[in-house]
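Participant: Sharing a structure with you now.
The values are calculated or read from the model by the stated rules, or taken from the named source; none is laboratory data. As the structure is a computational prediction, the values presented were derived from the model and not from experiment. Reconstructed Cβ throughout: ideal geometry from the backbone, glycine too, with neighbour counts over all protein chains shown. SASA here: full protein model, heavy atoms, side chains in, ligands and nucleic acids out. Shrake-Rupley method; radii C 1.70, N 1.55, O 1.52, S 1.80 Å.
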Amino acid sequence: RLVGFSCKRRGFCPSCLGRRMSDTAIWLTEHVIPREQIRQWVLTLPWGLRVRAGYDRQLCALVVDTFIRELQRSYRWRAKRLFGLASVEEAFTGAVTVIQRFDSALRLNVHLHTLVLDGVYVKSDDGGLRFLRLPRPSADEVYDVAFRTAKKVVAMLEKKGRSADGASHDEAESEIEPALLSCYDIAGRAPKTRIVDGPRLGKGECAVVVDGFNVYAGDSIDGRDRRRIERMCRYLARPPIAMDRLREVGDGDLRYELKKAWRDGTRFVTLDPYELIARICAMVPPPRFHMIRFHGVLAPNSGLREQVVASARPYEPSQENTAPNPLQLPLFGKLFEQPDVEVSHKRRKPWAWLLRHVFAIDVR
């Protein structure tokens, strides 16, 4: 029997981050995200800011806070107009943000994936909370979020003597070791070679670009579909490198296959070994910096959190599926209750539990 190795780091190790991905997805599904409608929002930055946010923790936190405030503002005002609330303070929102530092070409590309409760909570007469679902945001509403986010981030940067294109020198850059700074610079560049195989057309997703700030609003997801919620969380918490898509080609270069072809048809990128090492170094997040953040009613210090997350329960196996797909076995809670794999820390599942849950492999 083979059991995965874990060095318990959070940089680029496929084994460690594979376990972290599964642990995080299961924990969010079981204990955080309620059974309400959710929607994924994505914020990408201008290329100059993407690289700088990779090493400037204050800038990254500023972008996260600004984007979340504008999302909350949009949801509250939409709820006030639609449901006739007396004030936007009566509407409570919730979200989970995952900060990703990479893209499919192994570039340093800091961007945000936010799962937002697609509606608001309002207090009922008995003191409880009632969820009011909102319709899909219009293109104008998505534009408003993008415009206000871009305007405030640029204004705050200019106030500190910086620019959004990354041309100015800042204090955070001067504190980095020169070798690591060169890794950040290499990781922010486009690959030297791209192999193109036919055009790829977009699917008409709702996305708006304002001054290089790209805001995307995806389709809503039914919160009762816990399998789909877990798959989405696994996607957000995935490792940066997929080892099965990395191949060595002639002259010692490395070819990395993209998960999906780009819109211009690019299917592969080519890297030399030193460039790959530099990109790997740049993917390691700064120390003591949280890559997953919680907002609104889902925040740990929210007084309403217990009333909201109490509705998130582990899903049970379907009785009608007599022969389930082994890659989608709904085994929440069953194997964990057995004495030989039980642990006291509920956040981390045992290896045996994860291997059976993800790969349908029983190593007991």
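Participant: How far, in nm, would the chain grow between Asp185 and Asp140 when pulled straight, counting 0.36 nm per residue and subtracting the alpha carbon separation?
Facilitator: Gain in length upon complete extension: 12.6 nm.
Participant: At a Förster distance of 30 Å, what's the computed FRET efficiency of Trp351 paired with Glu306, Cβ-Cβ distance as r, to 0.05?
Facilitator: 0.45
Participant: Given the protein chains as shown and a 1.4 Å probe, how many square angstrom of Leu85 are accessible, to the nearest 10?
Facilitator: My reading of the accessible area for Leu85 is about 30 Å².
Participant: FRET efficiency for Asp222 and Lys160, Cβ-Cβ distance as r, R0 = 51 Å, nearest 0.05?
Facilitator: 0.75
Participant: Continuing with this model, one more query. Spin-label point model (7 Å from Cα, Cβ direction): what's the Ala299 to Arg267 distance in nm?
Facilitator: Label at Ala299, label at Arg267, 4.8 nm between them.
Participant: With a 1.4 Å probe and all protein chains left in place, how much of the accessible area of region 1-73 comes from carbon and sulfur atoms, in whole percent?
Facilitator: Taking all protein chains in place, region 1-73 shows 53 percent carbon and sulfur surface.
Participant: May I ask you to order 260-270, 209-219 by the average number of other C-beta atoms within 10 Å around their residues, highest value first?
Facilitator: 209-219, 260-270
Participant: Share of region 232-281's accessible area from carbon and sulfur, percent, 1.4 Å?
Facilitator: 53 percent
Participant: Measure off 7 Å from each Cα along the Cα-to-Cβ vector at His31 and Val249, then give the distance between these two points in nanometres to one decimal.
Facilitator: Computed distance between label sites His31 and Val249 equals 4.5 nm.
Participant: Met291: accessible area at probe 1.4 Å, nearest 10 Å²?
Facilitator: About 40 Å², ignoring ligands and nucleic acids.
Participant: Now for a different question. Under 16 Å from a point 7 Å along the Cα-to-Cβ line of Val284: which residues of region 41-55 have their amide N that close?
Facilitator: Label zone hits: 54-55.
Participant: Can you pull the three principal axis extents for the Cα set of region 20-170, in Å, largest first?
Facilitator: Principal extents (largest minus smallest coordinate, Cα): 55, 37, 26 Å.
Participant: Something else now. If packing is taken as the average count of other Cβ atoms within 10 Å, what order do 271-278, 109-116 fall into, highest mean first?
Facilitator: Listed from highest to lowest mean packing, they are 109-116, 271-278.
Participant: To continue, here is another question. Using a 10 Å cut-off on Cβ atoms, rank the peptides 292-305, 53-66 from the highest mean neighbour count down.
Facilitator: Packing proxy ranking, top to bottom: 53-66, 292-305.
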